[in-house]
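Asks: If you scroll down you'll find the structure; I have some questions about it.
The values are calculated or read from the model by the stated rules, or taken from the named source; none is laboratory data. Small disclaimer: the values here were computed from a predicted structure and weren't measured. Glycine gets a Cβ as well: all are built from the backbone with ideal geometry, and neighbour counts include every protein chain shown.
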Amino acid sequence: MRRRTVVAGAALIAALALAGMPVPAGSQNPSVPQDVAPAAFTMVTLSGDAPALRAKGSLDDALRSDGFLTGADSFSEPGKAPKVPHTRPKVDQPPTPRGSDWKKPRYSITGQATFYGNGTTAMRLPRGTVIRVCGAGGCIQRTVNDYGPQKPSRIIDLYTPDFFKICGCPSWSGVTTVTVSIY
């Protein structure tokens, strides 16, 4: 059995909700069609003395928009852009030797690397460490994004395309020797 106060409260809420609803607008019956009065279409003439229609010369600079056009201006036609001579000076620089653009690492580790499908993992390094991994096929720079590998004999797991880029070995290989430089 419900309390009387609960029932009374619900009735009060319903009454307030009904009182707050908007009243239907318009009439319930359709309007009778009526013709439009012909006077609504009569021509209106304004005298030339109306102040809004009188032109007092051109606008002054305060009322003129930026980049306005005058009667003497013309639009440019589409076509080819004019040739601008190339004025940048040529500089002869000696070629940089391979690997000279790398800064000196804090330390390096040499060991076995495997491939892994979810990124670059390193057992001894925290996430976010920037490393350079060099193997027989070349070098790459990556950021460590996870912990691993599981075997203590391996020092790094590489993302599969990265592994085969630095490995220089056939696709059935699973382990390669690498040097990891830590920055």
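Asks: May I ask you to list the residues in region 119-157 that are aliphatic (A, V, I, L, M), part of a strand (DSSP E or B), under 10 Å from V180 (Cβ atoms) and at pLDDT 80 or above?
Replies: Residues satisfying the conditions are I131, V133, I155, I156.
Asks: Something else about it: Consider T176 carefully, then state whether it is in contact with a helix residue (DSSP H, G or I) (Cβ under 7 Å, 6 or more places away or on another chain) and β-branched (V, I, T).
Replies: yes
Asks: Sticking with this one: Find the residue count for region 127-153, including only residues that are of a type in the set (D, E, K, R) and surrounded by fewer than 18 Cβ atoms within 10 Å (Cβ to Cβ).
Replies: Count: 3.
Asks: Follow-up. Could you grab me the full set of residues in region 158-183 that are closer than 14 Å to G128 by Cα and part of a loop (DSSP other than H, G, I, E, B)?
Replies: Y183
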